[in-house]
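Presented below is the structure to which this report refers.
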Amino acid sequence: MSDTPDSSEPALERLFYHSERIRLVYWDEFSGAKTAVLLTGFVAVLTFVTGLSNLSQPNVTYDGPLAAAIPVDPGFVQFTGVLIAFVLAGLVFGLQRRKRLAWYLTLAVLALVTLLALTTLQTTDVPLLLSILVTLPLLFTNRGAFDRRIELSSLQIASLSSIVGVVLYGTIGSYALQDQFSEIDTWSDSLYYVVVTIATVGYGDITPLTTGAKWFSVSVILFGTGAFTVAIGSLVVPAIEKRMAAAFGTMTLSELTLLDDHVLVLGYSDITESLLDELADQVDVVVVTLDADEASTLNDRDVNVLTDDPTHEETLSDAKIDDASGVVVATRDDANDVLAVLAARKSNPEVRIVAAANDRQHVDKFEEVGADEVISPMEIGGRLLGRSILEEASAESLFENLDEDSD
Amino acid sequence: MGLQGVSPAERVLRKLLAPLCVLSGAVVVLGFFFPELVGETISGRIWLVISLVFFGSGLAYLAVLPAESDESMSELDPEFLLRVRRLGLTGTVRGFLSRQDPVTFGVPVAAFALFFLGQLLVPSGTIATVGATQRAVTTYGGWLFVAVMLLAVVFSLYLLVGPWGTVKLGGPDAEPAYTYPVYFTMFFTAGIAAGIVFWGPAEALFHYETPPPYFDAEPQSEAAAGAALTYALFHWGFWAWSAYIAVGVPIAYYVYQRGAPLRVSTILTPFLGVENLDSVWCRIVDLLAIFATIGGIATSIALVGEQFLTGIQFQWDVAFGTVGSVLFVAGLTFVFVVSAQSGVHRGIRRIAAVNLVLFGLFVVLFFAVAPRTVVVESSSRAIGSYAVNAVPMTLHLGNGLVADPWVADWTIWNWAWWFSWAPFAGLFLAALSRGRRIRTVVLTGFVATALATMVWFLLLGSTSLHLQQTSAVDVLAAIDAYGGAEAVAGFPVFEALAISQLFMFLFLALIVVFMATSADTSTLVVAVLATRREFAPTTGAIIFWGIFQGLVAISVLVTGSAEVLQAMAVLTGGPFALVVLIALVGLVGTFYRHERGRRSIVGTARVKLAREAEDDDRE
């Protein structure tokens, strides 16, 4: 504020009137899918703490309106709260990856949590209920954002369904044969027996007594442990493989084989971020760079990265340059750029290659080695700055003008 | 600086507040969920301090968060760095003083200093004199308050339906600078302080014990209960809020239609003209406004501090004494100073939003657990009784033009108190109202706010009355045991309901936040009034006035002069009633001359009907 007196109106203007209209809550900022995921995470933590709080109280009374309606064992309600919190925490990871299935399951689990809270309804349950009340509408309004399918390989589907099948087979079978087992009296007993057997724990408190029952147990052990092992292998190994790959910023071979009509971005430099913003929604992009740190951060953001030298032809053929729809060359060094353009042209004579020249004097050299289009970002930036100061227009509108000029 | 962006000091403050809030918050969450565990290790006193630190630092942190748009532009503020280098301490002080209006800045500072000096030297004398004067004014001058209040109500109602409601402040093309929710929230939370929280469960009980003479009911009878609830509505409903409209609408009209400066004295425009708003009369009005505001807010802060801790002492048997009150007031001052200096669009807006959310949450939860049929039945009866009796109740003074003791102590005292708050609340209403039609202003500041207040009083009042009548809890005995402290009333009431712990948490939070939202606005308004007309108040001036109000509140606590200062604030309500009268006469005259040819709601409806009839005829 300057010390020169000005008329009172502009001064008060600054005090009471902002440039934009002032809202009570800037909904746009707080109503996105990200907030929904964060809130669900918050509910998970709150469920955990509330469950622990209920557990820690020696004798919980059930004051809720549903307490009479649900005939449950008090102890059961007490520890389910904590248990559900773990499930919810797992679902938050799914939500973070925008999985559709996680969204459906979250709704179901939140409904369950609400039921439990309405059964106990301690003072400590009220914050939980209120936060669910806020989270649910947000999840509903953002349901479009959670649209990714769970992608399971056929092996994974097969092993998962065979586990379900074996558990069903074992449970129903052992219940039917309960006379031939020691101590199987209820459905819980037979499920317990099957799980203990499949997990190769085998306490031995329930044992088969007849030959038929023994053969039955052997079948459960063989198929069950088999399915269990294969399922763990098929579910966990790809996850570990992906972790490892992420650490090195390299795409797995299986991911690379899926690529088609993608755009290769060779090298990582200052303009790569804006480039990715522009391309991300339109086509699949694969960034090829030697910079392991950048590769790892890009990979965390679900951008495909191949950590290898973009000037080698083998690398480019790994990145499926034959099926690529275009190549953008933009490393930090023009010499490397030239090598990358050469390698790309050699690997695929038809593909469209666009290169960014760090130095405007190198533009013609790029064209000579095979680039279809050469752009000098510095030159464009400089010209925009010049126009902006002369025409007093915003950079955005100048950008549109630039488009028109070039047409 | 603070108004424009984020100063370096604020960034440091944020770095300090965030860990403080998180750490104390963790303790609070632990204590809430695992009371046994925490109860063993932490004493009640420390527990309360930590909770208050959590809430206060949370509010302050919210206030200093950067606004959505101004973080980037303030990252490098070379002007600020230059200024720091250029000015030494004397330079800063001189620069600060040069922006202050010598009269409206100097006189209040000197007067309050003298007042406390006098308190220390001749305490008993001043108390007796001021008390007697206030009593005389409310008893013999009661008719004036009643007349002006009635006039303000009639004026508000006429603006609502009459032709002048269509005037759009700032011209037909003006766009409102605030969306409607934020407009309502900021004005509602600024216009009412922690009194609403304390008196919600208490006011009806007091009238139940000593029924108002107008209803002539047996104390503690069924009739007294109905009368009590009606009077609670009467004291806090439409009448009270109309005082703010009577100050706010004239200021807004002259500021936006005539280009007058945004000050309280602007209401004299029709008599002096826009050019002569520097005259002695204007200085007097502005001075009076500052006295009324600081007196009203500072005593409120001091009383809230005392009552808050009395409630704590009643419920959890943790005594604090004066030192506790002083610390509480200091903490509260910190919160509202940070909020006020961060600007209308940051701290004041955000804390108001927190306030409204907590208020709404409390009402909804309370309605869920309260005896609903009783609440609905006695509320509808009270509303009916209020509608029928409001005007006769206003006119009933007791002995002709002289108010009887009950009316003087409750109704007239209450009107005077609202009038003394009117300058600051009215000015704030005017400041927010650019681009709104006068009808919208009245609908917000008169109808919506009064309805929100009345819902609160009906809900809590009828519940506490019901509990008292059915002898479920003896709230009155609890209040009497603590020397008539209204803050005590809430706790036994909540204890009789489900999820009582949560209500007590919310209740205490509401007290703090309602006080903060009024005090930050009043700080801003006083800073505007004390700054020279050509300047906007600087961050320094806002901080100065905030701390000044906090200091007055602390001095009130230390010298034990809350009643005296409150009586004096009520006394400023007297001249303000006169100012309101003058303002209304002036504005009606101006409207009559300049705003002809507008249609009232009835007129618009008639024209519309006639046009439709014509269309029908044609077909």
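Each reported figure results from applying straightforward, stated rules to the coordinates on display, with no laboratory input. Just so we're clear, the structure is a prediction, and the values are computed from it rather than from any experiment. Cβ sites come from the backbone with ideal geometry, for glycine too, and all protein chains shown count toward neighbours.
Here the label points at residue B:547 and residue B:477, each 7 Å from Cα along the C-beta direction, are separated by 4.9 nm in the simple model. Across segment A:91-133, the residues whose backbone nitrogen lies under 20 Å from the label position 7 Å along the beta-carbon direction of residue A:147 are A:94-107.
Modelled spin labels at residue A:179 and residue B:374, positioned 7 Å past Cα toward Cβ, are 6.4 nm from each other. The charge dipole of segment B:464-562, taken about its Cα centre with unit charges on the Cβ of Lys, Arg, Asp and Glu (plus for the first two, minus for the last two), comes to roughly 420 debye. Annotation for residue B:595 and residue A:236: the two label points, set 7 Å from Cα along the Cα-Cβ direction, are 7.7 nm apart.
Taking the alpha-carbon distance from residue A:99 and a cut-off under 23 Å, which lysines remain once sequence neighbours fewer than 8 residues away in the same chain are dropped? By straight Cα distance, residue A:99 reaches A:34, A:242. Taking 0.36 nm per residue of sequence separation and removing the Cα-Cα distance, the residue A:164/residue A:335 pair yields an extension gain of 55.7 nm. Evaluate E = 1/(1 + (r/R0)^6) for residue A:364 and residue B:174, where r is the Cβ-Cβ distance and R0 equals 51 Å; express this FRET efficiency to the nearest 0.05. Efficiency, from the Cβ-Cβ distance: 0.30.
Could you tell me whether the protein assembly as shown comes out rounded, prolate or oblate from its Cα gyration tensor? Rule is a ≥ b ≥ c as square roots of the eigenvalues, rounded for a/c under 1.5, then prolate if a/b exceeds b/c, otherwise oblate. Oblate.
Per-residue shielding of A:43-50, expressed as the average number of other chain Cβ atoms within 10 Å of the residue Cβ, stands at 1. As a rough guide to protection, the peptides B:524-535, B:606-617 ranked by mean Cβ packing within 10 Å, highest first, stand as B:524-535, B:606-617. Scalar couplings 3J(HN,Hα) for segment B:390-407, obtained by applying the Karplus form with A = 6.51, B = -1.76, C = 1.60 to θ = phi - 60°, are 3, 5, x, 4, 4, 7, 7, 9, x, 10, x, 8, 9, 7, 7, x, 4, 4 Hz; x denotes Gly and Pro. Sorted ascending by nearby beta carbons within 10 Å, beginning with the fewest, B:463, B:572, B:521 become B:572, B:463, B:521. Can you tell me the FRET efficiency between residue A:187 and residue A:154 if r is taken as the Cβ-Cβ distance and R0 is 30 Å, rounded to the nearest 0.05? Efficiency at R0 = 30 Å is approximately 0.40.
Between the listed residues A:129, B:137, B:262, the Cα displaced farthest toward the positive end of the dipole of the protein assembly as shown, a dipole computed from Cβ unit charges relative to the Cα centre, is found at B:137. For residue B:178, the residues 5 or more places off, or on other chains, whose built amide H falls under 5 Å of its own are A:22.
Label reach from residue B:46 (point 7 Å along Cα→C-beta): in segment B:300-342, amide nitrogens under 17 Å belong to B:318-319. Computing Rg and the Kirkwood Rh from the Cα coordinates of chain B gives a ratio, Rg/Rh, of 0.97. When both bridge partners sit in the protein assembly as shown, DSSP labels roughly 20% of those beta bridges antiparallel. In this structure the amide hydrogen of residue A:326, modeled in the peptide plane, comes within under 5 Å of the amide hydrogens of A:264, none closer than 5 places in sequence on its chain.
Simple rule: put +1 on each Lys or Arg Cβ and -1 on each Asp or Glu Cβ in chain B, find the dipole, and look at B:601, B:504, B:395; the Cα lying farthest toward the positive end is B:601.
What does the average come to when, for each residue of peptide A:120-127, you count the partner chain Cβ atoms lying within 10 Å of its Cβ?
5
Could you pull out the trypsin sites (Lys or Arg not before Pro) across segment A:120-163 that fall in loop regions by DSSP (anything but H, G, I, E, B) with no more than 12 other Cβ atoms inside 10 Å?
A:149
The phi-based Karplus calculation (6.51 cos²θ - 1.76 cosθ + 1.60; θ = phi - 60°) puts the 3J(HN,Hα) values of segment B:153-165 at 5, 4, 4, 4, 4, 5, 4, 5, 10, x, x, 6, x Hz, whole numbers, x for Gly and Pro. Once the C-beta distance of residue A:115 and residue B:36 is scaled by a Förster radius of 30 Å, the resulting FRET efficiency is 0.65 to the nearest 0.05. Relative contact order for chain B: 30 percent, from Cα pairs under 8 Å spaced at least 6 residues apart, divided by residue count.
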